[in-house]
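Notes for the one structure printed next.
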């Protein structure tokens, strides 16, 4: 059972892009049917505004409409047609940070965080919130600290 509602895709101008599994309205995107079929959903500027449904297991369903250039279905999209079409890896990949590869034996990473009472830089000046959380400690793993004396 899929909890996402079924969608009627019989309307004028609605086509299925086989590559992405997206039903979209080429007329609403402002292109001809021939151009829509030739370029596909990801190749037409403005196609995301013409999104109708996502083909999920053979059924058009109202998955989450795209709100960014990265999410087309609202599902967990591990493979990205959008990334692949732009020359990036289609699956998530690990890319080491070059600076981290050059670190010496005693170099450390500094990981920072924000406490729950402060939001971005907008509340740093608030006297009452600063009284609640007035310090900014640097924490270090006990084993790492012991190794450094």
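Readers should treat all values here as calculations from the given coordinates under stated rules, not as data from a laboratory. Please read these numbers as outputs of a predicted model, since none were measured by experiment.
A few remarks follow.
- Over the residues of the chain, the helix contribution to mean residue ellipticity at 222 nm works out to -4500 deg cm²/dmol, using -39500 (n - 2.57) for each DSSP H run of at least 4.
- Potential lengthening between residue 139 and residue 108 on full extension [0.36 nm per residue; Cα-Cα distance subtracted]: 10.0 nm
- Prolate/oblate/rounded call for the stretch 74-123, Cα gyration tensor, a/c under 1.5 rounded: oblate
- Cα convex hull volume per residue for the chain (Å³): 234 Å³
- Seen from all directions on average, the stretch 97-149 presents a Cα convex hull projection of 5.6 nm².
- Average Cα contact separation per residue, the chain, under 8 Å, 6 or more apart, as relative contact order %: 14 percent
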